[in-house]
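Some notes on the structure that comes next.
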Amino acid sequence: MPGSDRQSWNQRYLAGEFGFREPDPFVMEAHKNYLQPLLRENLAPDADTGLDLAGGAGHHAIWLAQQGWRMALVDWSETALEIAKEKSAANSLPLEIVQGTALDVVTQSAQQGRRFGFVLVSFFLDRAVLPWLPKILIPGGILLYRTYTEDNERLGNPRGPRNAEHLLRSQELLEVYCGMKILHYNETVTSKGVTELIAQQPSSST
Ligand SMILES: C[S@@+](CC[C@H](N)C(=O)[O-])C[C@H]1O[C@@H](n2cnc3c(N)ncnc32)[C@H](O)[C@@H]1O
């Protein structure tokens, strides 16, 4: 298993291991069912903004920008962000690209009062980041979270991290986000261990 530091991620992107690809069905379905209505209603000044945190080469951020969102893409890998930059330029899409650690970016955003209509986290876990995510959502904003669980290795999936630091416990996201409205929750327990959560900030929160 390759290391999980920034340089190892750069090497993985250089090797083409995480090339640019179609958005995952989870993101497209979530967009249709939960994000599109938010975009249409556009209730708050930042309701049309989205953050793809640890979004890699931007395959989700770019697709979401094509759907009309003002997207910010954050990753610590310069190599991944170079790919995203080329792709967004080739598609003439405005994309805010931020190189940095997820924790630094979310804490700074919260401190500066920056808010997003939605935040997407796909296959990334830093537990220190979790409590900050509701703080950077507008009231009624949506969190989409999906990543591997501790079940993953037991189920024999060769993909995904091995370090428990980067693996969710069963029900963990439900506990962390108990103050949010849970719109969708699923734990896959056959062939791979993956949790999906879609949750909404209460509309009266600040
Ligand atoms: C498995 S990839 C997922 C990429 C993308 N979200 C997706 O679903 O394809 C994990 C990403 O997290 C990034 N990453 C890992 N730790 C990070 C951190 N502490 N801060 C920012 N990015 C990080 C890596 O560079 C990599 O792009």
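The values are calculated or read from the model by the stated rules, or taken from the named source; none is laboratory data. As the structure is a computational prediction, the values presented were derived from the model and not from experiment. Positions of Cβ are backbone-derived with ideal geometry, glycine not excepted, and every protein chain shown enters the neighbour counts. Each accessible area value is taken on the protein alone, full model and side chains, heavy atoms only, with ligands, DNA and RNA left out. Shrake-Rupley method; radii C 1.70, N 1.55, O 1.52, S 1.80 Å.
Based on this model, can you work out whether residue 99 counts as more than 15 Å from the ligand (Cβ to nearest atom) and of a type in the set (S, T, N, Q)? Answer is no for this residue. Figure legend. Inter-residue proximity from the range 7-31: first residues among the hydroxyl-bearing types (Ser, Thr, Tyr), second residues near the ligand (Cβ under 8 Å from one of its atoms), beta-carbon distance below 6 Å, spacing 6+ or different chains. Indicated pairs: 13/77; 13/80. Restricting 76, 69 to residues that are more than 13 Å from the ligand (Cβ to nearest atom) and touching a residue at least 40 places away in the same chain (Cβ under 8 Å) narrows the list to 69.
Conditions tested, residue by residue: (1) part of a helix (DSSP H, G or I); (2) at pLDDT 95 or above; (3) within 20 Å of residue 159 (Cβ to Cβ); (4) among the small types (Gly, Ala, Ser).
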{"position": "12", "(1), (2), (3), (4)": "yes, no, yes, no"}
{"position": "26", "(1), (2), (3), (4)": "yes, yes, yes, no"}
{"position": "31", "(1), (2), (3), (4)": "yes, yes, no, no"}
{"position": "44", "(1), (2), (3), (4)": "no, no, no, yes"}
{"position": "51", "(1), (2), (3), (4)": "no, yes, no, no"}
{"position": "64", "(1), (2), (3), (4)": "yes, yes, no, no"}
{"position": "71", "(1), (2), (3), (4)": "no, yes, no, no"}
{"position": "82", "(1), (2), (3), (4)": "yes, yes, no, no"}
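Would you point out the residue of the range 152-201, among those that are β-branched (Val, Ile, Thr) and farther than 22 Å from residue 136 by Cα, that is surrounded by the most Cβ atoms within 10 Å (Cβ to Cβ)? Going through the qualifying residues, I end up with 194.
Summed over the range 68-96, residues that are closer than 17 Å to residue 122 by Cβ, open to solvent by 20 Å² or more (accessible area, probe 1.4 Å) and β-branched (Val, Ile, Thr) total 1. If only residues of the range 102-133 that are part of a loop (DSSP other than H, G, I, E, B) and within 13 Å of the ligand (Cβ to nearest atom) are counted, the one that is surrounded by the most Cβ atoms within 10 Å (Cβ to Cβ) is 125. Please determine whether any residue of the range 162-178 is touching a residue at least 60 places away in the same chain (Cβ under 8 Å) and in contact with a His (Cβ under 9 Å, 6 or more places away or on another chain). No, because not a single residue in the range 162-178 is touching a residue at least 60 places away in the same chain (Cβ under 8 Å) and in contact with a His (Cβ under 9 Å, 6 or more places away or on another chain).
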